[in-house]
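The values are calculated or read from the model by the stated rules, or taken from the named source; none is laboratory data. Nothing here was measured: the structure is a model prediction, and the numbers come from that model. Note that we place each Cβ from the backbone using ideal geometry, even for glycine, and neighbour counts take in every protein chain shown.
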Amino acid sequence: MRGLAEAFQTLMGELDRLGISFLVGGSVASGTHGLPRQTNDIDILAAIEPGSVSKFVRVLSKSFYVDADSIRQAIELRRSFNVIHLASAWKFDIFVAGDSDFSHSELLRRRMATSGITGLESIEFPVSSAEDTILAKLVWFRKGGEISDRQWHDLLGIVRVQAGRLDREYLAIWAQRLGVADLLSRLMP
């Protein structure tokens, strides 16, 4: 897992140097706030602007496979693209933050943390808050047809570990706005 740590630190360092606001989400975030599990990639929410694509590609292409056209398309469509660390083949899925209120809230509420995931134990990184991780996973669960046991297990793990520390008011407000209030009620009756 040494390759993962090196790839992860390299990517975070370049994002910092480029002044791109970012956070780690997905299974790494849910494992940080809940029950860790192995993953094949790392999800990153990043505020990448169209005007920074050329510089982003130039800087990252020293250590990563990056495709400028995929990035531009992802920015335009508010989707994700990936970068692959050349030395280790670790894949990072980068989700474009865009201009949504929820993305802005996620980035403002991020916090520094370490993870229990093998290979990342000693690395501090900006991670989505427990509440925002729950909300994002509920949205993905809904988009995926509400059938992913892995997503639901991640959600239950966060709720179990975080217990009384979750901001239920924040969760209720955003769950309503994101169209997942019913799923939140099922998760946290």
Residue count for region 99-133, restricted to those that are of a type in the set (D, E, K, R), at pLDDT below 95 and under 24 Å from residue 50 (Cβ atoms): 2
task: Select from region 117-128 the residues that are within 15 Å of the chain's Cα centre (by Cα), part of a loop (DSSP other than H, G, I, E, B) and surrounded by fewer than 23 Cβ atoms within 10 Å (Cβ to Cβ) and list them in ascending order.
output: 117, 124
Verdict on residue 52 being in contact with a Leu (Cβ under 9 Å, 6 or more places away or on another chain), crowded, with 16+ Cβ neighbours inside 10 Å, over 30 Å from residue 152 (Cα atoms) and among the polar types (S, T, N, Q): yes
statement: Among (1) over 14 Å from the mean Cα position of the chain (by Cα); (2) buried (at least 16 other Cβ atoms within 10 Å of the Cβ), residue 156 falls short only on (2)
task: Filter region 20-32 down to residues that are under 11 Å from residue 115 (Cα atoms) and not hydrophobic (A, V, I, L, M, F, W, C) and give me whichever is surrounded by the most Cβ atoms within 10 Å (Cβ to Cβ).
output: 30
- prompt: So, of the residues in region 129-153 that are more than 13 Å from residue 183 (Cβ to Cβ) and not β-branched (Val, Ile, Thr), which turns out to be surrounded by the most Cβ atoms within 10 Å (Cβ to Cβ)?
  reply: 132
field: Single residue of 35, 45 found to be in contact with a helix residue (DSSP H, G or I) (Cβ under 7 Å, 6 or more places away or on another chain), under 23 Å from residue 123 (Cβ atoms) and surrounded by fewer than 17 Cβ atoms within 10 Å (Cβ to Cβ)
entry: 35
- prompt: What is the one condition in (1) in a loop (DSSP other than H, G, I, E, B); (2) among the aliphatic types (A, V, I, L, M); (3) within 19 Å of residue 94 (Cα to Cα) that residue 147 does not satisfy?
  reply: (3)
message: Could you check region 23-65 and list, in sequence order, the residues that are assigned to a strand (DSSP E or B), at pLDDT 90 or above and under 18 Å from the mean Cα position of the chain (by Cα)?
response: 23, 24, 42, 43, 44, 45, 46
field: Unmet requirement for residue 102, which otherwise passes all of (1) surrounded by fewer than 18 Cβ atoms within 10 Å (Cβ to Cβ); (2) touching a helix residue (DSSP H, G or I) at 6+ places or on another chain (Cβ under 6 Å); (3) of a type in the set (Phe, Trp, Tyr)
entry: (2)
- prompt: Before we move on, is residue 136 under 24 Å from residue 81 (Cα atoms), in a helix (DSSP H, G or I) and either of a type in the set (Gly, Ala, Ser) or at pLDDT below 95 (or both)?
  reply: yes
